[in-house]
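The structure appears right after this line, and notes come after that.
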Amino acid sequence: MLGNNILGQFGMMGRIGDVVREKSGLAYYAYSSLSAGLGPGSWEVSAGVNPQNVRKARELIETELKRFIQEGVTEEELADTKANFIGRLPLSLESNGGVANALLNIERHNLGLDYYRRYPDLVKEVTREDVMNTAGKFIDVNKLAVAVAGP
């Protein structure tokens, strides 16, 4: 989750949003997301792109995925993302729905009733190498499934 946040969520939609949207001006939005539950899921990249820019946006996204796998994340990116995750935890528990979701996660994943007390330390323990290993395990730019919808 920390790696995905850096890749395509944090700031103006992370590195992918920065490259495709901000620097190149090719997309209305560009971000990555994780879709996982009890079973297998996917690590996805989505972008709203003018049909004329699909190929160029795809090339930029693939280049950024390769860079993410090969170079990993910087200490600064990781520190910022950790602070974001830890800082937003109290906000996620401000509503009844947030508390219910937290209890569901504890039960579903057998995390233990003290999970949210341990959460900040668990987040702080994640290293650059952990992010790189996870990205290398789950992102293979030679095996991407690409879907394009539109005119």
> Considering only residues of the stretch 34-75 that are closer than 18 Å to Met1 by Cα and small (Gly, Ala, Ser), which is farthest from the chain's Cα centre (by Cα)?
Replying inline: Gly39
>> Give me the residue from the stretch 76-103 that is under 26 Å from Leu7 (Cβ atoms) and of a type in the set (Gly, Ala, Ser) and, out of that set, surrounded by the most Cβ atoms within 10 Å (Cβ to Cβ).
In response: Ala102
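How many residues are part of a strand (DSSP E or B), among the hydroxyl-bearing types (Ser, Thr, Tyr) and more than 17 Å from Lys137 (Cβ to Cβ) when one looks only at the stretch 18-56? Can you show your working first?
So in the stretch 18-56, the residues part of a strand (DSSP E or B) come out as 27-35, 42-49.
Remaining after also requiring among the hydroxyl-bearing types (Ser, Thr, Tyr): 28-29, 31-33, 35, 42, 46.
Going one step further and asking which of them are more than 17 Å from Lys137 (Cβ to Cβ), we end up with 28-29, 31, 33, 46.
Total meeting the criteria: 5.
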>> Among the residues in the stretch 129-149, are any in contact with a helix residue (DSSP H, G or I) (Cβ under 9 Å, 6 or more places away or on another chain), more than 20 Å from Arg67 (Cα to Cα) and of a type outside the set (Gly, Ala, Ser)?
In response: yes
>> Can you tell me how many residues within the stretch 22-42 are touching a residue at least 12 places away in the same chain (Cβ under 8 Å) and closer than 16 Å to Arg58 by Cβ?
In response: 8
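Can you go through Gly150, Gly112, Gly136, Gly72 and tell me which one is free of Cβ contacts under 8 Å to residues at least 40 places away in the same chain and not polar (S, T, N, Q)?
Working: Gly150 fails: free of Cβ contacts under 8 Å to residues at least 40 places away in the same chain; Gly136 fails: free of Cβ contacts under 8 Å to residues at least 40 places away in the same chain; Gly72 fails: free of Cβ contacts under 8 Å to residues at least 40 places away in the same chain.
Criteria check complete, one pass: Gly112.
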>> Just the residues that are of a type in the set (A, V, I, L, M), surrounded by fewer than 15 Cβ atoms within 10 Å (Cβ to Cβ) and under 18 Å from the mean Cα position of the chain (by Cα), please, taken from the stretch 107-145.
In response: Leu122, Val141, Leu144, Ala145
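Bear in mind these aren't lab numbers, they're just calculated from the coordinates by the rules spelled out. Everything numeric here is computed off the predicted structure, so don't read it as measured data. With ideal geometry, Cβ positions are generated from the backbone for all residues, glycine too; neighbour counts draw on all protein chains shown.
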